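The values are calculated or read from the model by the stated rules, or taken from the named source; none is laboratory data. None of the values given here were measured: they were computed from a predicted structure. So basically every Cβ, Gly included, is an ideal-geometry build from the backbone, and we count neighbours across all protein chains shown. Ligands, DNA and RNA are stripped out before the accessible areas are found, and what is left, the full protein with its side chains, is counted by its heavy atoms. Shrake-Rupley method; radii C 1.70, N 1.55, O 1.52, S 1.80 Å.
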Amino acid sequence: MKVKKLFLMLMLAFATLSITVQASEHAQSEATTEVTEEKVYESQGIGSMLINFYDTTGLKAIIQPQEGVKNGQGEEMSIFAQGFGRIMMFIIIGVLFYLAISKNFEPLLLLPIAFGGLLANIPIANMTSDHGMLGIIYNMGIANEFFPLLIFMGVGAMTDFGPLLSRPKTALLGGAAQFGIFGSLVGAAALSQYTGMVDFTLKQCSAISIIGGADGPTSIFIASALAPELLGAIAVAAYSYMALVPVIQPPIMRALTTKEERQIVMKSTRKVNRIEKLLFPLVVIAMTILVLPDATPLIGSFAFGNFAKESGVVDRLSNEMQNSLINIVTIFLGLGVGSTLASDKFLVVETLGIMIIGLLAFSAGTAAGVLMAKVMNKYSDEPINPLIGAAGVSAVPMAARVVSKVGSEEKPGNILLMHAMGPNVAGVIGSAVAAGVLLSIFK
Amino acid sequence: MEEIHLVSEALKFMVLGMIVVFIFLVVLVQLMKVQAKLVGKYFPEKKPVTKPTVQATDEKARTAAIIAAITEFNKNKS
């Protein structure tokens with residue numbers, strides 16, 4: 001059944017592909033005729049016309065790759081990247097479509113990313129060049145790190161800091177989970193130093209390790225600042241693992257806690273005054289200004305979104321950020337990131353390394369959060385269920401939901417969702433701070 | 001440029017990063033506590049005056065009356 005579905009999905013992908021290829025061929029052939037007309041059009045027999053037309057088809061570009069063909073950025077593409085590499089990318093994109101549509105894995109981002117990848121791998125059309133649609137989108141908001149910030153603004157406008165404000169110390173769990181970032185930074189460095197499988201620079205290691213923050217926009221922001229050449233792989237890894245949170249986290253959570261700990265019931269939280277919520281983004285901004293100005297783009301836009309929401313007087317703006325704006329930017333962000341999935345950029349051994357380190361990063365972050373929560377439970381006067389530590393990785397609100405699910409499986413009726421939201425939103429701040437630290441190092 | 005030992009550099013990053021993240025969050029936690037105290041002291045939330053449920057039944061009664069009136073009106077019309 002699954003195989004059949006996958007097959008259908010692939011067929012769909014290829015069907016779309018051929019339509020798009022035809023469209024682009026059409027555009028291409030029009031362009032060439034225009035040029036030849038300017039050059040003085042020479043009459044030719046129908047036979048040579050057909051042969052010339054065949055030279056402009058995508059079929060030929062894939063079956064008979066030529067030496068010295070350039071990609072959108074004007075670099076020469078290898079024969080492999082032009083021919084078989086493209087076919088492999090179409091298969092990978094088919095799998096991404098399947099995961100997004102059939103498995104519901106972060107479809108809002110994986111689908112546009114995969115489609116962007118599909119368009120980026122079309123031969124001849126060169127959509128990733130500076131004048132192609134994908135190139136324009138990429139330069140408009142990804143190369144300059146603009147789109148991730150707009151997304152952060154929307155996320156800020158959707159976030160409720162109430163659970164965190166009612167139990168401030170759970171913020172530390174969001175800090176512990178950032179060990180995922182720095183632990184995998186060491187892992188990435190070790191991988192390239194000792195195995196020789198990949199050759200990452202420190203900047204690239206840092207960009208990869210931010211996957212451990214489990215925060216898509218932050219990952220894209222850092223990747224385009226530190227290692228734009230790895231952006232596609234990093235974004236795909238970050239979003240795929242975020243979608244896999246319900247699969248990756250529970251085994252780690254169970255392995256590190258005892259049954260009694262998982263059954264701990266936490267006291268209900270106090271009600272938070274509206275003024276506290278209103279002041280909180282300003283407090284965070286003030287801290288950022290004093291400690292880590294490098295994190296201001298991320299935290300600033302996040303705080304702006306949240307402030308607009310909590311102010312209660314600009315509902316129109318805050319609704320816009322939470323809905324239309326974030327949706328539009330998501331389309332652009334997805335397509336733009338997808339444009340880096342061109343075969344000559346993605347099918348490199350580094351991608352494999354990024355996937356491995358990303359998984360390591362996620363697991364390390366979860367583990368550190370849970371361990372920290374165990375320690376806090378020992379030394380705290382009120383009981384803390386160690387499971388909520390896993391929500392310290394920022395994937396909002398998925399990680400908190402997973403915690404709640406595992407908690408209620410252990411003890412029906414024990415709802416941990418609100419308790420887990422505290423570390424969860426603190427994780428967003430924590431990974432933005434970690435990102436700021438990495439940026440400040442390479443300044 | 002001399003050869004950089006990647007792993008030891010990465011370890012340094014880790015120490016720096018975790019320290020900064022924790023200092024940031026610890027200070028933030030303290031500020032949140034102070035803020036909660038100050039806000040609680042100077043801007044205590046007014047207890048929202050909850051109207052008793054009578055209002056809901058009032059509302060229901062009114063709806064019922066309107067429906068009845070409309071039905072009656074329609075009946076008379078026909």
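Can you find a residue that is over 21 Å from A:Leu108 (Cα atoms) and free of Cβ contacts under 8 Å to residues at least 60 places away in the same chain anywhere in segment A:227-242? Yes, because at least one residue in segment A:227-242 is over 21 Å from A:Leu108 (Cα atoms) and free of Cβ contacts under 8 Å to residues at least 60 places away in the same chain.
Within segment A:260-286, residues that are within 12 Å of another protein chain (Cβ to nearest Cβ) reach partners that are among the β-branched types (Val, Ile, Thr) and assigned to a helix (DSSP H, G or I) with beta carbons closer than 8 Å, at six or more positions or on different chains, in the pairs A:Asn273/B:Val39; A:Ile275/B:Val39; A:Glu276/B:Val39; A:Leu279/B:Val39; A:Val284/A:Ile299; A:Val284/A:Ile429; A:Ile285/A:Thr296; A:Ile285/A:Ile299.
If I filter segment A:342-365 for residues that are open to solvent by 20 Å² or more (accessible area, probe 1.4 Å) and within 14 Å of chain B (Cβ to nearest Cβ), do I get at least one hit? Checked against the condition, which is being open to solvent by 20 Å² or more (accessible area, probe 1.4 Å) and within 14 Å of chain B (Cβ to nearest Cβ), segment A:342-365 yields at least one hit. Regarding segment A:231-252, can at least one residue be identified that is over 10 Å from the mean Cα position of the chain (by Cα), surrounded by 24 or more Cβ atoms within 10 Å (Cβ to Cβ) and among the aliphatic types (A, V, I, L, M)? No: segment A:231-252 contains no residue that is over 10 Å from the mean Cα position of the chain (by Cα), surrounded by 24 or more Cβ atoms within 10 Å (Cβ to Cβ) and among the aliphatic types (A, V, I, L, M).
Conditions tested, residue by residue: (1) open to solvent by 50 Å² or more (accessible area, probe 1.4 Å); (2) modelled with pLDDT of 85 or more.
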site: A:Ala15; (1), (2): no, no
site: A:Thr20; (1), (2): no, no
site: A:Glu34; (1), (2): yes, no
site: A:Glu42; (1), (2): yes, no
site: A:Asp55; (1), (2): yes, yes
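The set of residues from segment B:1-43 being outside any helix (DSSP H, G or I) and either more than 8 Å from chain A (Cβ to nearest Cβ) or at pLDDT 95 or above (or both) comprises B:Met1, B:Glu2, B:Glu3. Quick check, is A:Ile222 open to solvent by less than 30 Å² (accessible area, probe 1.4 Å), part of a helix (DSSP H, G or I), within 14 Å of chain B (Cβ to nearest Cβ) and closer than 30 Å to A:Leu119 by Cα? It is true that A:Ile222 is open to solvent by less than 30 Å² (accessible area, probe 1.4 Å), part of a helix (DSSP H, G or I), within 14 Å of chain B (Cβ to nearest Cβ) and closer than 30 Å to A:Leu119 by Cα.
Restricting attention to segment A:290-309 and to residues that are over 15 Å from A:Ala435 (Cα atoms) and within 13 Å of chain B (Cβ to nearest Cβ), the residue that is least open to solvent (accessible area, probe 1.4 Å) turns out to be A:Ala303. Restricting attention to segment A:200-215, which residues are assigned to a helix (DSSP H, G or I) and either crowded, with 24+ Cβ neighbours inside 10 Å or in contact with a Gly (Cβ under 6 Å, 6 or more places away or on another chain) (or both)? Result: A:Cys205, A:Ser206, A:Ala207, A:Ile208, A:Ser209, A:Ile210, A:Ile211, A:Gly212, A:Gly213. When restricted to residues that are closer than 16 Å to A:Lys169 by Cα and in a helix (DSSP H, G or I), segment A:369-410 contains 18. For segment A:95-127, the set of residues classified as among the small types (Gly, Ala, Ser) and either under 17 Å from A:Ala235 (Cα atoms) or without any contact (Cβ under 8 Å) to a residue 12 or more places away in the chain (or both) consists of A:Ala100, A:Ala114, A:Gly116, A:Gly117, A:Ala120, listed by residue number.
Residue by residue, here is whether (1) in contact with a Cys (Cβ under 8 Å, 6 or more places away or on another chain); (2) within 14 Å of chain B (Cβ to nearest Cβ); (3) outside any loop (DSSP other than H, G, I, E, B); (4) buried (at least 20 other Cβ atoms within 10 Å of the Cβ) holds:
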site	(1), (2), (3), (4)
A:Pro112	no, no, yes, yes
A:Leu118	no, no, yes, yes
A:Asn139	no, no, yes, no
A:Asp160	no, no, no, no
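A:Met89 meets each of the listed conditions (1) part of a loop (DSSP other than H, G, I, E, B); (2) surrounded by 13 or more Cβ atoms within 10 Å (Cβ to Cβ) apart from (1).
Within segment A:168-199, if we keep just the residues that are surrounded by fewer than 24 Cβ atoms within 10 Å (Cβ to Cβ) and outside any helix (DSSP H, G or I), the residue that is farthest from the other protein chains (Cβ to nearest Cβ) turns out to be A:Met197. Among the conditions (1) under 29 Å from A:Met398 (Cα atoms); (2) assigned to a loop (DSSP other than H, G, I, E, B), A:Gly72 misses just one, which is (1).
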